[in-house]
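The values are calculated or read from the model by the stated rules, or taken from the named source; none is laboratory data. Note that the structure is predicted; figures quoted are calculated from it, not measured. Glycine gets a Cβ as well: all are built from the backbone with ideal geometry, and neighbour counts include every protein chain shown. For accessibility, only protein heavy atoms count, side chains too; no ligands or nucleic acids. Shrake-Rupley method; radii C 1.70, N 1.55, O 1.52, S 1.80 Å.
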Amino acid sequence: MPDYQKRIVILGATSAIAEHCARLWVKDGAVDLTLVSRDLGRTERVAADLRVRSPQSVVLVLEANFVDPPAISQLVDEIVAVGAVDTVLIAHGSLPDQAVCQQDLTACHDALTVNGISPVLFAEAFAGPMQKANHGTLAIIGSVAGDRGRKSNYVYGAAKGLVARYAQGLQHRLAGTGVKVVLIKPGPTNTPMTAHLKQQGARLANVEDVARLIVKGINQGKPVVYAPGKWALIMMVIRHLPRVVFNRMDI
Amino acid sequence: MKSSQLGIAYGMGRSYGDVCLNPDGVLWNATGLDRFISFDEVTGLLACEAGVLLGDIQRLAIPRGWILPVTPGTQIVTVGGAIANDVHGKSHHVLGSFGNHVKKITLARTDGTLIECGPAMLPDWFSATVGGLGLTGVITEAEIQLRRVAGPWLDTETVPYANLDEFFALSEASESAWEHTVSWIDCISGGGGRGLFMRGNPADVGPRTVPQGHNLIVPFVPPISLVNRLSLRLFNMAYFNFKKWQSGRAIVHYEPFFYPLDNILEWNRIYGPKGFFQYQSVVPRALGRDAVQAMLGEIARSGDGSFLAVLKTFGNRQPVGMLSFPQPGVTLALDFPNQGGRTLKLFERLDAIVREAGGRIYPAKDARMPRELFEAGYPLLNEFLKYRDPGISSALSRRLMGY
Ligand SMILES: Cc1cc2nc3c(=O)[nH]c(=O)nc-3n(C[C@H](O)[C@H](O)[C@H](O)COP(=O)(O)OP(=O)(O)OC[C@H]3O[C@@H](n4cnc5c(N)ncnc54)[C@H](O)[C@@H]3O)c2cc1C
Ligand SMILES: NC(=O)c1ccc[n+]([C@@H]2O[C@H](COP(=O)([O-])OP(=O)(O)OC[C@H]3O[C@@H](n4cnc5c(N)ncnc54)[C@H](OP(=O)(O)O)[C@@H]3O)[C@@H](O)[C@H]2O)c1
């Protein structure tokens, strides 16, 4: 019988942050990876790269609908039917243009859906089977933007805030079980999602470093992981700024 | 890549001059194209995207018994950059340049077309793109034939030499039996010419402990250049004597042997805010000794010695690319602190020697060569121009090709 391979499922597997997490996982040894995204072709490229890096790993690719609840439910049922999962990473998300969201309710709705509702539905679909198996780590990528609403991106921030409050509740529900829930809050990171910010000269964290902190946080089962770590402190200050001061800040 | 402005691909920016710069246009960062596509462990054929770093390939392949046949003196460069400059390494006399091992290139043109080319498929496009300075399109993928290797170790030998005649004799004697040769040459003491010849072969020595790669960072740009006449003289003396003392045979890990500067991050900062210039030429063998001697003479006279001067013979083979730098002969690579006009004057005198000897200058390390010297050194330039992508332009192309 072959050695036991850790089973990892990634939602939004084409995300740069998630892809770098996957590279770290296959580097540590052979794993059984299930990559889920909305586009099979692009996910296959990610899978091919991981297979070259780790020929011993098993890498499966699935295409999914990320917003339809019955489709999500069916997909997760199929994944857990094969066997118990050790780690789930819910990574998908998209940074909307705040100004557009203010003008166009459809854009606003889509941003709230993909960043807030969709990840929560995936997490909820996995939580039941994982609780039953009494095993595994469920990691969800939120954002520092979810820590306090700001005029420059509060629609995205609200969706990420939804994820944070959801994760908090799920942690409460699963406390004392064998299931860990990890909420990840990256700071601004150099990925395709922030390419336009980089052009404007924003300082962005290196995606490899962020992925390393996420993988470490998941291994330790930490309830909240800020990546890079300094954002824990920065956001604590931001959260506690009195409203009179905060409202005068142009952030 | 869709944009009205002219652009140029950008890898890790390890070129010293302006090949990868485009002050009035856009830069297409290729480092996001960092995925492997396939690797056949039986044949050693690797396919990857163009932003993959050579160092990542080495770390992936060496434990599986394969190695890049050609790498430059740093492994922090992209596959696309290595192709676009058709880079050379210590193995040129045996294995040629990087392009000799590329089996296929996928090139994205700004008109939206994709061109697949290789030695056996659209060889003219291949020959234009290898060494093509990024001007024929953006390389998105490549297939590279790796070379069998037993492990990460090399059997190396360091031999001091007293003058250029000894250098050429050592080169001649080493070329058939040693896969890697390079030498460090002292440009300052006694009119120059003494140096250390280093050679190496892959060694099958079984598992050993790999040295810890401690990174040394030059943490800030010192207000003035730390490389001045005095420190240079001291450095050259110290380096020469230290290494001479170490000369002889040793089993060495490939990283310190191939990429000695990669552990000194931001090492270029020692030159201070004005930075530095590189000057690398190749001159044909027949006139090589005299031309190198003449260049060393000019450098010694100027007193602006070179911190890192590298002298190596290239093998007797024609390069793949129309604008590839390596040609049969001997190459001298020099580093100078930027002393403004004085340094540029010295370069003009070096140019005259290179021109006279029928040599050429390496565009990857150039920011100032006269257009006429470029045209004289690269006789296939006119042929090359037919393959340029009209949507691509760099500071170098405008300087040396007019657009
Ligand atoms: C310490 C050190 C040692 C070195 N030693 C050597 C040596 O021994 N031998 C040697 O030959 N060179 C040497 N070099 C130079 C270096 O190897 C080359 O400049 C190399 O091409 C840099 O690659 P890069 O990825 O940084 O490309 P860049 O410097 O970013 O770009 C170089 C060229 O490649 C083009 N390019 C980059 N990516 C693409 C792409 N995807 N598609 C099309 N064009 C592209 C750019 O437009 C540009 O013309 C050395 C450099 C350093 C810093
Ligand atoms: N980068 C940052 O600065 C930063 C900061 C804080 C939080 N985050 C969060 O980190 C996570 C990963 O982002 P990233 O930086 O790695 O960005 P990325 O590389 O752009 O990845 C975004 C991922 O989300 C998927 N996605 C986007 N819109 C989708 C939709 N409508 N339906 C389904 N999938 C969709 C993308 O799929 P396709 O490949 O198919 O487009 C891709 O897999 C996201 O949740 C993001 O909000 C990022």
Amide H of A:Gly187: which non-local residues (sequence gap of 5 or more, or other chain) have their own amide H closer than 5 Å, using H built in the peptide plane?
-> A:Ala227
Please get the size of the charge dipole for the protein assembly as shown, origin at its Cα centre, with Cβ charges of +1 on Lys and Arg and -1 on Asp and Glu, quoted in debye to the nearest 20.
-> 1820 debye
Tally Lys/Arg at +1 and Asp/Glu at -1 over every other residue whose Cβ is under 12 Å from the Cβ of B:Gly402; what's the total?
-> +3
Residue by residue, what Karplus-based ³J(HN,Hα) values in Hz, rounded to whole numbers, does the stretch A:217-227 have, using 6.51, -1.76 and 1.60 with θ = phi - 60° and x for Gly and Pro?
-> x, 5, 4, 7, x, 5, x, 9, 10, 8, 9
Taking amide hydrogens as modeled 1.01 Å from N in the peptide plane, which residues meet the under 5 Å criterion relative to B:Phe277, leaving out close sequence neighbours?
-> B:Phe336, B:Asn338
Average other protein chain Cβ within 10 Å of Cβ, residues B:33-40 = 5
Given backbone amide H placed at 1.01 Å from N, residues whose amide H is under 5 Å from that of A:Val31, ignoring those fewer than 5 places away on the same chain, are A:Ser57, A:Val58
Sequence ranges A:144-150, B:99-105, ranked by mean other-Cβ count within 10 angstrom, highest first | B:99-105, A:144-150
Across the stretch B:249-255, in residue order, what do the Karplus-derived ³J(HN,Hα) couplings come to in whole Hz, using 6.51 cos²θ - 1.76 cosθ + 1.60 with θ = phi - 60° and x for Gly and Pro?
-> 9, 7, 8, 10, 5, 5, 5
Taking K and R as +1 and D and E as -1, what net charge do the other residues with C-beta under 12 Å from the C-beta of A:Lys160 add up to?
-> +3
Listed residue pairs exceeding 25 Å between alpha carbons, taken from A:Lys27/B:Lys90; A:Lys27/A:Lys132; B:Lys90/B:Lys345; A:Lys151/A:Lys222; A:Lys198/B:Lys103; A:Lys160/A:Lys230 | A:Lys27/B:Lys90; A:Lys27/A:Lys132; B:Lys90/B:Lys345; A:Lys151/A:Lys222; A:Lys198/B:Lys103
How much solvent-accessible surface does B:Phe257 expose, in Å² to the nearest 10, with a 1.4 Å probe and all protein chains in place?
-> 30 Å²
Phi-derived 3J(HN,Hα) across the stretch B:349-360 with the Karplus relation (6.51, -1.76, 1.60, θ = phi - 60°), rounded Hz, x for Gly and Pro, is 5, 5, 3, 4, 5, 4, 4, 4, 7, x, x, 8
Beta carbons within 10 angstrom, averaged per residue: use that to sort the peptides B:389-396, A:244-251, highest first.
-> B:389-396, A:244-251
Could you pull out every Cys in the protein assembly as shown that lacks a partner Cys with its beta carbon under 4.7 Å away?
-> A:Cys21, B:Cys20, B:Cys48, B:Cys117, B:Cys187
Hey, if you put +1 on the Cβ of every Lys and Arg and -1 on every Asp and Glu Cβ in chain A, which of A:Leu11, A:Tyr154, A:Gln56 ends up farthest toward the positive end of that dipole?
-> A:Tyr154
When all protein chains stay in place, what accessible area (Å², nearest 10, 1.4 Å probe) is found for A:Lys198?
-> 100 Å²
What accessible area, in Å² to the nearest ten, does a 1.4 Å probe give for A:Asp104?
-> 60 Å²
Ordered by packing density, taken as the mean number of other Cβ atoms within 10 Å over each peptide's residues, highest first, how do A:168-180, B:39-51 rank?
-> B:39-51, A:168-180
May I ask for the net charge around B:Val354, where only other residues with Cβ less than 14 Å from the Cβ of B:Val354 are counted and Lys, Arg are +1 while Asp, Glu are -1?
-> -3
